[in-house]
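So the structure is just underneath, and the comments pick up after that.
The values are calculated or read from the model by the stated rules, or taken from the named source; none is laboratory data. All of these numbers come straight from a predicted model, not from anything done at the bench. No Cβ is skipped: glycine too gets one built from the backbone with ideal geometry, and neighbour counts run over all protein chains shown. Just the protein is used for accessible areas: all its heavy atoms, side chains included, with ligands, DNA and RNA removed. Shrake-Rupley method; radii C 1.70, N 1.55, O 1.52, S 1.80 Å.
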Amino acid sequence: MANKAYKFRLYPTQEQEQLLAKTFGCVRFVYNKMLEERQHIYDTFKDDKEALKQHKFPTPAKYKKDFPWLKEVDSLALANAQLNLQKAFTNFFSGRAGFPKFKSRKAKQSYTTNVVNGNIKLADGYIKLPKLKWIKLKQHRQIPVHHMIKSCTITKTKTGKYFISILTEYEHQPVPKEIENVVGLDFSMNTLYVDSEGKRANYPRFYRQALEKLARAQRVLSRRRKGSNRWHKQRLKVAQLHEKIANQRQDFLHKTSRQLANRYDAVMIEDLNMKGMSQALHFGQSVHDNGWGLFTTFLQYKLAEQGKKLIKIDKWFPSSKTCSCCGRVNVSLSLSERLFRCACGFVADRDINAAINIKKEGLKQLGIA
Ligand SMILES: [Zn+2]
């Protein structure tokens with residue numbers, strides 16, 4: 001089985017917008033209520049693990065008596081709030097995350113609902129959702145008939161747009177592809193990556209221009225009096241630019257990962273975190289902004305659905321300091337040196353040398369010399 005999500009813009013009526021707002025609110029309310037209760041139980045029993053386990057998780061149903069308006073919204077949305085909170089606690093108990101936090105009014109407006117007995121249907125530019133009935137959407141691509149809808153997540157952006165992400169499941173067992181064409185990618189802050197053939201994945205020019213525009217808009221915002229009309233106007237402008245940039249970046253990452261996944265049978269990358277962080281600090285930009293994480297996620301599933309491989313190289317592998325020609329390690333190479341020079345006479349662009357090393361190391365992992 002494999003999963004695939006499809007995202008479309010939603011166009012709710014005024015009435016539907018009201019119900020959506022109410023649902024976002026109820027989901028947040030129930031989540032916070034349950035968290036409050038769990039927090040109390042935790043504070044009381046935290047030294048007694050067994051007693052803690054005995055206490056069942058509260059369910060949204062128990063609040064419906066005291067807060068009857070909860071019945072007006074999709075009960076599956078509330079059930080998912082419970083699941084999300086349970087997940088947050090599981091992560092907390094396993095040490096992967098901190099204690100769950102309360103959701104604020106400013107938090108992302110979204111909820112998830114599930115398919116139960118055909119309650120969700122797609123037809124002629126409309127989608128039927130629990131409680132909302134038929135809601136208009138712009139379906140710019142078809143969902144193949146063998147894809148079963150599992151759940152839908154409805155989101156409202158800061159600029160007031162609505163989107164639905166439809167998660168589907170389908171039967172899929174790709175035949176492993178024989179590995180012939182491979183490429184290594186070296187992460188680069190400015191261009192996303194440099195590959196072992198010397199190509200750079202340059203962000204499009206309009207994307208860089210939009211980033212500059214955003215920086216300007218943010219400077220203007222910081223000069224406006226907080227809460228004033230002009231401040232509100234400017235804040236909306238900043239939010240719109242943020243959205244636009246996020247979309248442009250996502251398009252670019254989709255296209256780039258698609259080209260690689262179609263062209264190569266295996267792609268080698270560094271398991272980045274550490275290196276990315278240090279470079280990000282060095283350049284005063286966050287790795288998150290660079291989209292590397294999103295890119296590798298796209299790459300992973302686009303390769304996997306064709307029976308191809310993404311190979312991750314250990315982050316401690318000295319990809320930039322090793323000579324890709326003779327294997328000698330040049331420990332004195334500093335970050336500012338753009339050219340790699342080896343005593344053997346080999347000279348290459350530092351990033352390309354690193355990408356070749358990543359490719360070689362990946363081939364070693366695959367058992368291909
Ligand atoms: Zn050398």
Let me have the relative contact order for segment 1-153, percent, based on Cα pairs under 8 Å that are six or more residues apart. 30 percent
Keeping all protein chains in position, work out how much accessible area Thr112 exposes to a 1.4 Å probe, and write it in Å² to the nearest 10. 40 Å²
Could you work out [θ]222 nm for the chain from helices alone, using -39500 (n - 2.57) per DSSP H run of at least four and dividing by all its residues? Round to the nearest 500 deg cm²/dmol. -14000 deg cm²/dmol
Taking 8 Å as the Cα distance limit and 6 or more residues as the minimum spacing, I'd like the relative contact order of the chain as a percentage. 16 percent
Within segment 153-211, GluC sites (Glu not before Pro) in DSSP loop having at most 16 other beta-carbon neighbours inside 10 Å: Glu171, Glu178, Glu180, Glu197
Computed log₁₀ I(q)/I(0) - Debye formula, equal Cα scatterers, no solvent, segment 1-150, q 0.11, 0.13, 0.14 Å⁻¹: -0.54, -0.72, -0.81
Checking the cross-link filter: which lysines have an alpha carbon closer than 17 Å to that of Lys213, excluding same-chain neighbours under 8 positions apart? Lys233, Lys237, Lys244
Enumerate the helices in the chain for which the Kyte-Doolittle hydropathy averages -1.0 or more and the C-alpha atoms extend at least 30 Å along the helix's axis, using complete DSSP H runs. 14-45
Describe numerically, in nm with one decimal, the distance between label points set 7 Å from Cα along Cα→Cβ at Asn117 and at Gln306. 4.4 nm
Express the C-alpha Rg of segment 1-40 as a ratio against the empirical globular expectation 2.2 N^0.38 Å, rounded to two decimals. 1.75
Simple spin-label model, 7 Å along Cα-to-Cβ: Lys138 to Gln259 in nm? 2.6 nm
Student exercise, the chain dipole from Lys, Arg, Asp, Glu Cβ charges, in Debye to nearest 20: 1900 debye
Using protein chains only and a probe of 1.4 angstrom, how many square angstrom of Lys138 are accessible, to the nearest 10? 130 Å²
Report D for the chain in µm² per second (integer): Stokes-Einstein, Kirkwood Rh on Cα pairs, 20 °C, 1.002 mPa s. 88 µm²/s
Which ³J(HN,Hα) values, rounded to whole Hz and listed in residue order, are derived for segment 158-171 from phi using the Karplus coefficients 6.51, -1.76 and 1.60 in 6.51 cos²θ - 1.76 cosθ + 1.60 with θ = phi - 60°, glycine and proline given as x? 5, 9, x, 8, 10, 9, 10, 10, 9, 8, 10, 10, 8, 6
What figure, in Å² to the nearest 10, do you get for the accessible area of Trp69 with a 1.4 Å probe and non-protein molecules left out? 100 Å²
Label-point separation, Phe45 to Ala97 (7 Å along Cα→Cβ), nm: 2.1 nm
Distance violations [Cα-Cα > 20 Å] among Lys312/Lys364; Lys4/Lys138; Lys103/Lys133; Lys121/Lys150; Lys22/Lys158; Lys4/Lys315: Lys103/Lys133; Lys4/Lys315
